[in-house]
Amino acid sequence: MKQCAKCLMDQTVEAIYFDKNGLCKFCLMYDEIKDISQKKLSLDNILKKIEKNKNKYDCIAGVSGGRDSTYLLYILKKKLNLNPLAVHYDNGWNTEISNKNIKNSCKKLNIDLHTEVANWNSFRNVQRSLFNASIPDVETITELGIYKVLFEAAKKNKCKYIMSGHNIDNEFLDPLTWTYFDAKYITAVTKEQKTLNYLKNIKIFNLKDLIFYQILSKIEIINITNYFEYDHEKVTKTLINECDWTPYEGHHQESVITKFVNDYYLPKKFNIDKRKTNLSARIRSNLIDKEYAKKKLNEKNFLDFDAEIIDFVLKKLKFSNQEFDEIISKKNKNFRSYPNYYNYFNLFSPLIKLMSKHNIINPYLYYKYKM
């Protein structure tokens, strides 16, 4: 199996390609994304724009209790002297550590917190239907819910800026067939699975929201941590000392369902290992070398996954072991199996790229649909 000459991405990724030097398409995209996401606006210009926003809160910041979002709050408050509103979307899968981290960091940094709690019965039934559909995107409703809640909070509080903790040096975009965000796609799945009524009871960010909030209301997403050094060990020490933050093992492990999906469901059913994406990002940014990344990748696999967490997740989703085994055995599908907006994004990609360069929409959107 061919692997990138630089990073860990390989032919387990559908439609991957390599240049004559053996570099994968993700390495080739890195410099261009970095340039657009960081260099198009200087940090000073961003702060000047925010200063014009004379409201109670300077910006909105999503918080999950994880390292990235806590570091985001720390930067906004301690490094940039801004007054953000922290917004959390509680989908029912928080760990005790994540709840503690959210509470402690907001208290220590003197940041107001708004928490939006999803309707658990509806959320569970929709998420069950995504598993039953045999697709990898079972967490899409969480991501779409987060976006909806963040933009609603920005509009309500008259904020023009949503700050993101996504750092391209530590976490690249997932391949399209690994993670796909599209409300039309999720609506089609729930129609098939007869759970559309439940979907109507939870918040998801759709195409109309993108047009209303980002294009018409001109609310911007800024990946602010791209402007700062992001070394895991240094960041962890800072957050422990400054935010009373408790570390946890792995990436995006503050959510039980994220841990289950990333570390067990996806590799077991789809041969998708998202550690490759994150470790590869750190290789590209020279934070780690490839040999170290290979060792980390080989330390554990889904066969080592905690059986107690599996039992907990299945019980909470009301799946029997037999039902889940049947899901694992089903023919794999993805977004291409259902109606979606992909062809529209592809058709209008030149316009989307132009808008991303002028910060009308998040530049990541263009590249995500080019994965």
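The values are calculated or read from the model by the stated rules, or taken from the named source; none is laboratory data. Bear in mind the structure is a predicted one, so any value in this text is a computation, not a measurement. Please note: Cβ atoms are built from the backbone with ideal geometry, for glycine as well, and neighbour counts cover all protein chains shown. Remember, those area values only see protein heavy atoms, side chains included, never the ligands or the DNA or RNA. Shrake-Rupley method; radii C 1.70, N 1.55, O 1.52, S 1.80 Å.
Projecting the Cα atoms of 176, 65, 317 onto the dipole axis of the chain, where Lys and Arg carry +1 and Asp and Glu carry -1 at the beta carbon, places 176 farthest toward the positive end.
Multiply the residue separation of residue 12 and residue 309 by 0.36 nm, subtract the distance between their alpha-carbon atoms, and state the gained length in nm to one decimal.
Numbers: separation 297, 0.36 × 297 = 106.92 nm, distance 2.64 nm.
Here the segment from residue 12 to residue 309 would lengthen by 104.3 nm.
3J(HN,Hα) couplings calculated from phi for the stretch 218-235 with the Karplus curve 6.51 cos²θ - 1.76 cosθ + 1.60 (θ = phi - 60°) are, in sequence order, 6, 8, 9, 9, 10, 7, 5, 6, 5, 8, 10, 4, 9, 9, 3, 5, 5, 4 Hz; Gly and Pro show x.
May I ask you to compute the full-extension gain from residue 83 to residue 320, defined as 0.36 nm times their residue separation minus their alpha-carbon distance, rounded to one decimal in nm? Spell out each step's value before the answer.
Details: separation 237, 0.36 × 237 = 85.32 nm, distance 4.65 nm.
Full extension of this stretch gives 80.7 nm more.
The HN-Hα couplings worked out from phi for the stretch 109-122 by the Karplus form 6.51 cos²θ - 1.76 cosθ + 1.60 (θ = phi - 60°) are 8, 6, 10, 5, 10, 10, 10, 9, 9, 6, 5, 5, 4, 5 Hz, whole numbers, x standing for Gly and Pro.
Given their separation in residues at 0.36 nm each and the Cα-Cα distance between them, residue 115 and residue 99 gain 4.7 nm when the chain is fully extended.
Please say if the chain is rounded, prolate or oblate, where rounded means a/c under 1.5 for a ≥ b ≥ c the square roots of the C-alpha gyration tensor eigenvalues, and otherwise the choice is prolate for a/b larger than b/c and oblate otherwise? Rounded shape, in that the Cα axes give a/c under 1.5.
Restricting to DSSP H runs of at least four residues, report the calculated mean residue ellipticity at 222 nm for the chain, -39500 (n - 2.57) per run over all residues, nearest 500 deg cm²/dmol. Computed mean residue ellipticity for the chain: -13000 deg cm²/dmol.
Counting Lys and Arg as +1 and Asp and Glu as -1, each charge on the Cβ, what is the dipole of the chain about the Cα centre in debye, to the nearest 20? Working shown, then result.
Details: 60 positive and 44 negative charges, 220 e Å.
So the dipole magnitude of the chain works out to roughly 1060 debye.
DSSP finds beta bridges in the chain, and of those with both partners inside it, around 15 percent are antiparallel.
Here each label is just a point 7 Å from Cα along the line to Cβ, and for residue 241 and residue 332 those points are 4.5 nm apart.
Just report the Cα centroid separation between the stretch 255-302 and the stretch 59-112, whole Å. Centre-to-centre (Cα) distance: 25 Å. Largest first, the residues 32, 326 sort by 1.4 Å accessible area into 326, 32. The Cα center of the stretch 333-371 and the Cα center of the stretch 189-241 differ in position by 15 Å.
Amide H contacts of residue 87: 61, 62, 63, 114, each under 5 Å away and 5 or more positions distant or on a separate chain (H built 1.01 Å from N in the peptide plane; Pro and chain starts excluded).
Remark: the stretch 154-161, residue by residue, has Karplus-estimated 3J(HN,Hα) of 5, 5, 4, 9, 6, 9, 9, 9 Hz, where x stands for each Gly or Pro and the curve is 6.51 cos²θ - 1.76 cosθ + 1.60 at θ = phi - 60°.
With a ≥ b ≥ c taken as the square roots of the eigenvalues of the C-alpha gyration tensor of the stretch 192-344, please select rounded if a/c is under 1.5 and otherwise prolate if a/b is larger than b/c or oblate if it is not? All intermediate terms of the calculation are to be shown ahead of the outcome.
On the way: a/c = 1.69, a/b = 1.11, b/c = 1.51.
Oblate, because a/c is 1.5 or more while a/b does not exceed b/c.
Give the carbon-plus-sulfur fraction of the accessible surface of the chain in %, rounded to a whole number; probe 1.4 Å, heavy atoms of protein chains only. Summing carbon and sulfur atoms, their accessible area is 49 percent of the total for the chain.
Can you bin the stretch 1-150 into rounded, prolate or oblate? Criterion: square roots of the alpha carbon gyration tensor eigenvalues sorted a ≥ b ≥ c, rounded for a/c under 1.5, prolate for a/b above b/c, oblate for the rest. Can you show the working numbers first?
Numbers: a/c = 2.37, a/b = 1.21, b/c = 1.96.
Oblate shape, in that a/c is at least 1.5 and b/c is the bigger or equal ratio.
Restricting the stretch 9-91 to chymotrypsin sites (Phe, Trp or Tyr not before Pro) that sit in a DSSP loop and have at most 15 other Cβ atoms within 10 Å of their own Cβ leaves 17.
Close amide H partners of residue 7, meaning residues 5 or more places away or on another chain with modelled amide H under 5 Å apart, are 24.
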